[in-house]
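Student: Okay, handing you the structure first.
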Amino acid sequence: MKITFATGNKGKLREAQEILGDDFEIITPADLGMTEDIEETGTSLMANSLIKAKYIYDKYSMDSLADDSGLEVEILNGAPGIYSARYAGEEHNFEANMDKLLSEMARMMKEASRAREYGVNTVHATYRAHFRTVVTLMIDGTPHFFEGQLDGKIGLVKKGTNGFGYDPIFIPDMIPADAAQPLPEGSSFSLEPDADGLVKNIGMITLAQLSEEQKNAISHRGKAMRKMAAYLLGDNPSSEK
């Protein structure tokens with residue numbers, strides 16, 4: 001099945017093809033000769049995802065898919081959210097985005113700490129965060145939505161060279177068992193994989209330290225894409241949303 005993925009992000013494209021496999025041929029707007037950017041004017045992940053998928057469908061009358069993903073950080077009240085890719089500016093510079101995020105978190109942590117010193121009852125700051133994605137699939141002009149979420153926290157040091165975006169500072173709660181660091185010899189406890197083959201990330205491994213296959217097994221986009229693939233193949237029609 002041929003589907004146009006409304007993205008110019010090579011990392012996302014590679015990730016999607018890996019997840020969807022040989023049952024799907026994924027092409028991009030560039031493959032169709034499209035050069036203009038699609039303006040994302042929505043106020044939510046779902047709205048922006050729909051805008052992009054519908055634009056491609058309306059322009060080329062082809063089945064299409066689009067995603068909009070965002071990192072939502074607790075101490076920043078859910079920011080950067082829909083602005084994750086351009087948090088530090090329209091250049092979509094990943095390094096600048098991470099630097100700004102860490103700077104904003106440090107500022108908020110300091111302000112919360114000082115407020116508590118003066119007796120102001122503030123919510124205790126945490127590094128908790130999650131990635132969320134919404135994938136819109138346009139089939140015969142009808143939109144279908146699929147969502148995924150990855151829970152974790154923000155690390156203060158960038159680690160790893162794989163992936164893209166905020167991957168070097170995002171520490172997922174659970175990781176594939178084959179990605180976990182060996183426990184010290186003589187350890188009194190063991191890490192038992194859950195039903196999905198995942199274990200607690202006690203080694204504080206970032207997404208950028210995982211292989212592409214390992215990341216796809218847990219990622220927010222991977223979860224949404226697998227739901228979409230199951231829907232298309234008729235394996236699990238109830239997976240939508």
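Student: What's the number of the only condition in (1) out of contact with any Asp or Glu (no Cβ under 8 Å at 6 or more places or on another chain); (2) closer than 30 Å to Thr4 by Cβ that Met108 fails to meet?
Tutor: (2)
Student: Can you tell me which residue among Asp22, Asp67 is in contact with a strand residue (DSSP E or B) (Cβ under 7 Å, 6 or more places away or on another chain) and either outside any loop (DSSP other than H, G, I, E, B) or of a type in the set (Gly, Ala, Ser) (or both)?
Tutor: Among Asp22, Asp67, only Asp67 is in contact with a strand residue (DSSP E or B) (Cβ under 7 Å, 6 or more places away or on another chain) and either outside any loop (DSSP other than H, G, I, E, B) or of a type in the set (Gly, Ala, Ser) (or both).
Student: What single numbered condition from (1) under 13 Å from the mean Cα position of the chain (by Cα); (2) at pLDDT 95 or above fails to hold for Ser219?
Tutor: With (1) under 13 Å from the mean Cα position of the chain (by Cα); (2) at pLDDT 95 or above applied to Ser219, the lone miss is (2).
Student: Inspect the range 135-157 for any residue being of a type in the set (A, V, I, L, M), part of a loop (DSSP other than H, G, I, E, B), within 30 Å of Gly197 (Cα to Cα) and modelled with pLDDT under 95 and give the result as yes or no.
Tutor: Yes, because at least one residue in the range 135-157 is of a type in the set (A, V, I, L, M), part of a loop (DSSP other than H, G, I, E, B), within 30 Å of Gly197 (Cα to Cα) and modelled with pLDDT under 95.
Student: Among the listed residues Leu207, Leu233, which satisfies the condition of being surrounded by 16 or more Cβ atoms within 10 Å (Cβ to Cβ) and closer than 30 Å to Ile51 by Cβ?
Tutor: Leu207
Quick grid of which residues meet (1) farther than 19 Å from His144 by Cα; (2) in a strand (DSSP E or B); (3) without any contact (Cβ under 8 Å) to a residue 12 or more places away in the chain; (4) in contact with a Cys (Cβ under 7 Å, 6 or more places away or on another chain):
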residue: Thr7; (1), (2), (3), (4): no, no, no, no
residue: Arg14; (1), (2), (3), (4): yes, no, no, no
residue: Thr41; (1), (2), (3), (4): yes, no, yes, no
residue: Met46; (1), (2), (3), (4): no, no, no, no
residue: Ile75; (1), (2), (3), (4): yes, no, no, no
residue: Glu111; (1), (2), (3), (4): yes, no, yes, no
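Student: Further, regarding this structure: Would you pick out the residues in the range 75-103 that are crowded, with 17+ Cβ neighbours inside 10 Å and not small (Gly, Ala, Ser)?
Tutor: Ile75, Leu76, Pro80, Ile82, Tyr87, Phe94, Asn97, Met98, Leu101
Student: Identify, please: which residue in the range 162-174 is in a loop (DSSP other than H, G, I, E, B) and at pLDDT 95 or above and is, among those, farthest from Gly8 (Cα to Cα)?
Tutor: The residue in question is Asp173.
Student: Would the range 179-199 turn up any residue that is loosely packed, with under 13 Cβ neighbours inside 10 Å, out of contact with any helix residue (DSSP H, G or I) (no Cβ under 7 Å at 6 or more places or on another chain), free of Cβ contacts under 8 Å to residues at least 60 places away in the same chain and not in a loop (DSSP other than H, G, I, E, B)?
Tutor: no
Student: Continuing with this model, one more query. Considering the range 155-176 alone, what residues qualify as being polar (S, T, N, Q) and either crowded, with 16+ Cβ neighbours inside 10 Å or touching a strand residue (DSSP E or B) at 6+ places or on another chain (Cβ under 8 Å) (or both)?
Tutor: Asn162
The values are calculated or read from the model by the stated rules, or taken from the named source; none is laboratory data. Keep in mind that this is a model prediction, so the values were computed, not measured. All Cβ positions, even for glycine, are placed from backbone atoms using ideal geometry, and neighbour counts span all protein chains on display.
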